1. To the nearest 10 degrees, how steeply does helix 186-203 sit against the main Cα axis of the chain, on a 0 to 90 scale?
2. Let me test this: with uniform point scatterers at the alpha carbons of the chain, what is the Debye-based log₁₀ I(q)/I(0) at q = 0.06, 0.09 1/Å?
3. Is segment 111-239 rounded, prolate or oblate when judged by the Cα gyration tensor, a ≥ b ≥ c being the square roots of its eigenvalues, rounded requiring a/c under 1.5 and prolate requiring a/b larger than b/c?
4. Can you compute 3J(HN,Hα) from phi for each residue in segment 227-235, using the Karplus curve 6.51 cos²θ - 1.76 cosθ + 1.60 with θ = phi - 60°, rounded to whole Hz and x for Gly and Pro?
5. With the contact rule set at Cα under 8 Å and sequence spacing of 6 or more, what percent relative contact order holds for the chain?
6. On average, how much accessible surface per residue is there in the chain, in Å², for a 1.4 Å probe, leaving out ligands, DNA and RNA?
7. What is the angle, in °, between the Cα long axis of helix 29-38 and the longest principal axis of the Cα atoms in the chain? Nearest 10 is fine, range 0 to 90.
8. What share of all Cα pairs of segment 277-318, in percent, falls into each consecutive 5 Å distance bin?
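The values are calculated or read from the model by the stated rules, or taken from the named source; none is laboratory data. Computed from a prediction, not measured in an experiment: that's the story for all the values here. All accessible areas refer to the heavy atoms of the entire protein, side chains included, with ligands and DNA or RNA removed. Shrake-Rupley method; radii C 1.70, N 1.55, O 1.52, S 1.80 Å.
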Amino acid sequence: MSATIRTIDRTEWQRLARSFGDYNYRQLWDFGTACAGRVNAVSEHVVIEEDEEAIGLADVRIKRVPLVGGGIAYINGGPLVRRNGERAGSRLRECLNVLIEEYVHSQGLLLRIQPAIGCESWNAERASMFLDCGFSISTRVRPYRTLLLDLSPSLADLRKNLSQKWRNNLKRAEAGTNSLGSDYSVESLMRFYDLYKAFRKKKQFDVDLDPAFFVEVQKSLPESERMRVALCEEEGALISGHVSSLLGDTAVNLFRANTKAALTSRVSYLIQWDGIRYARKKGFRWYDLGGIDPEGNPGVYSFKKGMGGVDVTAPGPFEYCPNGFKRKIVTVGEWVYKTFRRRR
């Protein structure tokens, strides 16, 4: 029996998504709809089924080109295919074929997919499969590169694998008198945002989606899907913060922010180690350190590299273009997509 595709509601999506090991914050219902709303796109949540079994899920953001037709169908962090510890290569192939048929052949859209990060072998397997299915690698979107830390070793071994500098600074921070706590509340995320604004102003950098965006998303999320916020205080003053997403089998470092006092006391090491330890305690297999740019931001790269993760790059991004007349309007769709990405 061939696979089929259908749209599902929020309740069914959340029930099914939690059973996938590659579930991630970019495939959260509320994250996808919020991103789509920023560019007047539509977030379409679909399940791909075979023999009445869900073999894949995808939040597909669709931005159509008025009057001339066509547009972009964009999947960020999906499709989800891994269940019960499986890599599910055959499931991915089936899902890709169904997505191509639905969004490219039936709807005449440019299909672009940025898969979620994985270990090196899974990244390579998926890259080969996308190309075999007729996708090409997009050069218009920067690939996601990060350091991925395997949490399966014991906590003692994870600490032993830290660089010498990292262990020394962590030990110094642990000897301090700072107060460290964490929860999943909107209020704590708002407190972190105040800290982050000052941190960003001092460092003079920008991000596509800052913590203010995640505050609004957090308000709609159930407790089980919310971001974890760790905050560290010194004599009652907030000096360091860390925000992570814990879904599927991978914890993701989303944001961090520090004051000058935190740098002096090395609290940034303590709060990051707390995130690693917490994720491992909760049974997560991987810890994504949140992206790296060795050339553009060598200081942050050096800090993250000291934790002992493996340098990996997510496969893709990939795209599949419609044939015939629709191909002539792909350039228009690309312009729409650039706008879409810039405002995400």
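1. Between the helix axis and the principal axis of the chain, the angle is about 80 degrees.
2. Listed by q, the Debye log ratios stand at -0.22, -0.50.
3. Since a/c reaches 1.5 but b/c is at least a/b, the shape of segment 111-239 is classed as oblate.
4. 6, 8, 10, 10, 10, 10, 10, 10, 6
5. Rounded, it is 24 percent for the chain.
6. On a per-residue basis, the chain sits at 45 Å².
7. 80 degrees
8. 5, 18, 25, 21, 17, 10, 4
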